[in-house]
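The values are calculated or read from the model by the stated rules, or taken from the named source; none is laboratory data. Everything numeric in this text was worked out from a predicted model, so none of it was measured. Cβ coordinates were reconstructed from backbone atoms using ideal geometry, including for glycine residues, and neighbour counts include every protein chain displayed.
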Amino acid sequence: MDAEAAKYIGAGLATLGMIGSALGVGNIFGQFLAGALRNPSAAAGQVGNLFVGAALAEALGILAFVLGILMIFG
Amino acid sequence: MADPIHQFQIQKVIDLPDVTLPVLGTVDLAVTNSHIAMTAAFVVIVGFLAAVTSNAQVVPGRLQAAGEGLFGLIDNLADSIIGQEGRKYFPFVFTLFMLILGMNILGLFLTFTATSQLAITVTFALITFGLVLVVGFAKNGLGFFKLFWPMGAPLALRPVVGLIEFVSFLLRPVTLALRLFGNMLGGHVALKIFAGFVVSLGLLGLGGGIGLLAFPVAALSLGMVVALTALEFLVAFLQAFVFAVLACIYLNDVVNLDHAH
């Protein structure tokens, strides 16, 4: 196989890592909503935790994206 | 189609001669677009905060309410995460937050986003990491290493958990820098790609015939650009906020080392 073609296939495969990150972020917001609907008065205090959790889960998807970019342009 | 990566290239706007410094070697002093974007963010932030505080009233007007809102947001954050001593670290966290927020937001108006440069986000992350190390050693001495000795875990597991804690501690600046960099880079690349679709599909539609079918898709892409721009404003604020929250959490780890958890 051409090395150039392998680079693009690798970059595409690297972006598959975003699946896990998507599951994580979806799970966090879904669980937050489920909890917030049960006890709306406690929800406002947890928004900070919500975003930190989302950011931590999202960072791993971003790592996959950066790897993909590195493979094409690195 | 336009190259979506082209917007991140650093270009010299005003070329100044190179200078040779004793330790650093040859340094290029040219004024680049990155330089201009950061200076613009600095000027906007200082101007905004000066305007907010110049005519302060007991009942705040719109501008003052906006400034006080940002100030109160970070003040509450530092207070609720770090506690009593949070006030000491508030200036650092607020500076980080305002600078990142300013550069993120200006990146949506200008042609260049300073925070989409890895060099800049790594600098922010290393400053935060360095401050955590300095505060940790200054406050706790060698007791700083208790951070990697989890008292909650069973004795046999402590070295293993401690090792994992140590590795995750060393990875903190990496994830801090990559999160901000990746979010800004990814958002702007997506914007550019959809904007490129509008132009190339529009040209296809102008060809007439079956190509006319491209016009609705071009309109859809344009709508997507508008929606993504709105999302980018949210991301710009959120990433600055997340950076501030994580800086607070990392500082809290070392400030309240003895009586935490």
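Below are the figures for this structure:
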item: Subset tally (residues that are on the phi > 0 side of the Ramachandran plot and in contact with a helix residue (DSSP H, G or I) (Cβ under 9 Å, 6 or more places away or on another chain)) for the stretch B:2-42; result: 0
item: Within the stretch B:72-85, considering residues that are in contact (Cβ under 8 Å) with a residue 40 or more places away in the chain and either in a helix (DSSP H, G or I) or buried (at least 23 other Cβ atoms within 10 Å of the Cβ) (or both), the one nearest to the chain's Cα centre (by Cα); result: B:ILE74
item: Leading residue by the ranking (farthest from B:THR229 (Cα to Cα)) among those in the stretch B:86-130 that are surrounded by 17 or more Cβ atoms within 10 Å (Cβ to Cβ) and among the hydroxyl-bearing types (Ser, Thr, Tyr); result: B:TYR89
item: Matching residues, the stretch B:213-261, being within 14 Å of chain A (Cβ to nearest Cβ), without any contact (Cβ under 8 Å) to a residue 12 or more places away in the chain and in contact with a helix residue (DSSP H, G or I) (Cβ under 8 Å, 6 or more places away or on another chain); result: B:LEU238
item: Only one of A:LEU70, A:LEU13 that is assigned to a helix (DSSP H, G or I), more than 10 Å from chain B (Cβ to nearest Cβ) and modelled with pLDDT under 90; result: A:LEU70
item: Selected residue (only one of B:ILE210, B:ILE193 is within 14 Å of chain A (Cβ to nearest Cβ) and either more than 28 Å from the chain's Cα centre (by Cα) or surrounded by 13 or more Cβ atoms within 10 Å (Cβ to Cβ) (or both)); result: B:ILE193
item: In the stretch B:140-183, the residues that are touching a helix residue (DSSP H, G or I) at 6+ places or on another chain (Cβ under 6 Å) and farther than 30 Å from B:ALA240 by Cβ; result: B:TRP149, B:PRO150, B:ALA153, B:GLY162
